[in-house]
Amino acid sequence: MMIPKAIAEGVRDGTVTTQYRRWDTPRVKVGGTQVTPAGVLRFTRVTRVPDVERISDRAARAAGMKDAAALRRALRPRDPDAPRRERSARGGEHVYRVHLEWAGEDPRLALREELPDEAELAGIAKRLARLDARESGPWTRDILVWIRDHPHVVSKELAAERGVELLPMKADIRKLKGMGLTISHEVGYELSPRGAAYVDWSATR
């Protein structure tokens, strides 16, 4: 479930308590969590909305929308007659109301500041080796070293240099971020203290 930064920040400060999505079936589970730019959000309730026309302005504002009319426009299916295989990208058959709350800080923020000991470094190496074990070959160290040498440089340059597509590469970098090794910025990335410690350690292996 994609949650824009402004909405996530609204959940954190309590001004946003719900979201609406058009799905065939719910794509989040009650009790599940999601890491966002504003921290960890928890899904507390998911209910089907039988009649979108009955959503009030107050309910729409609780979802971060201007009013109910704006919310209904956002929920309008683009093409209800599209083949089912295409519908997932255009919105599902039903509208669901998702209740959510702020559950705490992004755990990666603390992790990236922690300097790993020898055992942790070996554990990081093992996890990265699993990421490297794909048909296209190893990639984790190349990206970490490039980010170390090119902090805050737009990611398109890294994709062009490596000859790969941008979006899959950014998904790879999110895996490194999930391990506390990188920090994302409005433009580009940088190594976290944890990531820098790993790169320095791996250079001696």
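The values are calculated or read from the model by the stated rules, or taken from the named source; none is laboratory data. Just so it is clear, the model here is predicted, and its values are computed rather than measured. In this analysis, Cβ positions are derived from the backbone assuming ideal geometry, glycine residues included, and neighbour counts consider all displayed protein chains. With ligands, DNA and RNA removed, areas are computed over all heavy atoms of the protein, side chains included. Shrake-Rupley method; radii C 1.70, N 1.55, O 1.52, S 1.80 Å.
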Whole-Hz couplings from phi, Karplus 6.51/-1.76/1.60, listed for the range 128-135; x for Gly and Pro:
5, 4, 5, 5, 6, 7, 9, 4
Diffing the range 119-127: the Karplus 3J(HN,Hα) column from phi (6.51, -1.76, 1.60, θ = phi - 60°), in whole Hz with x for Gly and Pro, holds 5, 5, 4, 5, x, 4, 4, 5, 5
Give the value in nm², to one decimal: projected area of the alpha carbon convex hull of the range 92-153, averaged over all directions.
8.8 nm²
I'd like the projected area of the chain, averaged over all directions, using the convex hull of its alpha carbons. Report it in nm² with one decimal.
14.0 nm²
Suppose R0 equals 41 Å; then what is the FRET efficiency for ARG54 and GLU105 from their Cβ-Cβ distance, rounded to the nearest 0.05?
0.65
With every protein chain in place, the accessible area of ARG108 for a 1.4 Å probe, in Å² rounded to the nearest 10, comes to 60 Å²
Taking only Cα atoms of the range 110-205, what ratio of Rg to Rh do you get with Rh as the Kirkwood inverse-distance radius?
0.94
Eigenvalues of the alpha-carbon gyration tensor of the range 3-79, times 5 and square-rooted, give semi-axes in Å, largest first, of 21, 16, 11
Rounded to the nearest 20 debye, dipole of the range 1-53 from Cβ charges on Lys, Arg, Asp, Glu
220 debye
How large is the dipole of the range 120-205 about the Cα centre if only Lys and Arg carry +1 and Asp and Glu carry -1, each at its Cβ, rounded to the nearest 20 debye?
360 debye
Per residue, how many Å² of accessible area does the range 89-205 show with a 1.4 Å probe?
56 Å²
Can you flag which of LYS29/LYS66; LYS5/LYS126; LYS66/LYS156; LYS29/LYS156 are past 31 Å Cα-Cα?
LYS5/LYS126; LYS66/LYS156; LYS29/LYS156
Estimated [θ] at 222 nm from DSSP helical runs (n ≥ 4, -39500 (n - 2.57)) normalised by residues in the chain, nearest 500
-12500 deg cm²/dmol
Roughly how big is the chain's charge dipole about its Cα centre, with Cβ charges of +1 (Lys, Arg) and -1 (Asp, Glu), in debye to the nearest 20?
1040 debye
